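For reference, the structure discussed in these notes is given below.
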Amino acid sequence: MLALVGLSDRGGDRVKAYSHGMKQRLGIAQALLPNPDLLILDEPTNGLDPQGMKEVRELIRTLNAERGMTIFLSSHLLNEIEQVATRMCILHRGELIVQGAVAELLSREEIHVRIVAEPRERALELLRGLPWAGALRDDGEEIVCTMPAERLAESNASLVNAGIAVSSFAPRRSLEDYFLGITDHPDRQADA
């Protein structure tokens, strides 16, 4: 198990000499000793540096892909979930809000687009005129808005055809945006 979690060369060391990331991996190795079909991990990357987070993510993917193990992962770090999970559920105030395949759930949402264009004022004016562009704001360096995936190319072309120099048109759909969108719903706020 130590080899599986990348600790085979440290097996003779005292645990108190282990870094936090090594202790996390050791805990996972201990949980793997009985060769379970289901592994439950609670915040496995909490407190880790970027390298440690990457190693734990790779370990989770390996356990699933090579051992066919189901891993139940609880985390508030939505970026981590997005990188390793194939299916998810979102609980809010003890209530199941949504569940399903991560890719499928994210594909339902409008996409956040970050745009760098000059002149920015003309780009803002043009985007305000597009009925499908929403949540439009100018953060000083870029324009941020939401739009359906099927309107991305058309929106970019509209800017270019209007003589606006578009240096960046970056669509982004994230689990964090999705989570905030469904948990900040006005009906849910009434429960607060």
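The values are calculated or read from the model by the stated rules, or taken from the named source; none is laboratory data. Being a predicted model, the structure only gives us computed values, none of them experimental. Cβ coordinates were reconstructed from backbone atoms using ideal geometry, including for glycine residues, and neighbour counts include every protein chain displayed.
The residues of segment 8-19 that are at pLDDT below 90 and surrounded by 12 or more Cβ atoms within 10 Å (Cβ to Cβ) amount to a single one, Ser19. Residues that are within 30 Å of Glu154 (Cβ to Cβ), part of a helix (DSSP H, G or I) and not assigned by TED's automatic domain parsing to the domain that holds Ala133 are absent from segment 43-58 altogether.
Considering only segment 68-77, I want to know if a residue exists there that is farther than 29 Å from Thr183 by Cβ and either crowded, with 18+ Cβ neighbours inside 10 Å or out of contact with any Pro (no Cβ under 9 Å at 6 or more places or on another chain) (or both). Step through it out loud before you land on a result.
Going residue by residue through segment 68-77, those that are farther than 29 Å from Thr183 by Cβ are 68-69.
Now narrow it down to the ones that are either crowded, with 18+ Cβ neighbours inside 10 Å or out of contact with any Pro (no Cβ under 9 Å at 6 or more places or on another chain) (or both): 68.
Yes, the conditions are met somewhere in segment 68-77.
Scanning segment 1-26 for residues that are part of a helix (DSSP H, G or I), free of Cβ contacts under 8 Å to residues at least 12 places away in the same chain and under 20 Å from Glu66 (Cβ atoms) yields one hit, Ser8.
Could you check segment 87-191 for helices (runs of 4 or more DSSP H) lying wholly inside it with 1 or more residues that are touching a residue at least 60 places away in the same chain (Cβ under 8 Å)?
Details: elements: 102-107, 120-128, 152-161, 175-183, 186-189.
Answer list for segment 87-191: 102-107, 175-183, 186-189.
Within segment 68-86, the only residue that satisfies the criterion of being at pLDDT 90 or above and part of a helix (DSSP H, G or I) is Val84.
All of Ala117, Ala101 fail the test of being under 30 Å from Asn35 (Cα atoms) and not assigned by TED's automatic domain parsing to the domain that holds Asn46, apart from Ala101.
Look at (1) loosely packed, with under 15 Cβ neighbours inside 10 Å; (2) modelled with pLDDT of 90 or more; (3) over 17 Å from Leu180 (Cβ atoms); (4) not assigned by TED's automatic domain parsing to the domain that holds Asn161 and you find that Glu95 fails only one, number (3).
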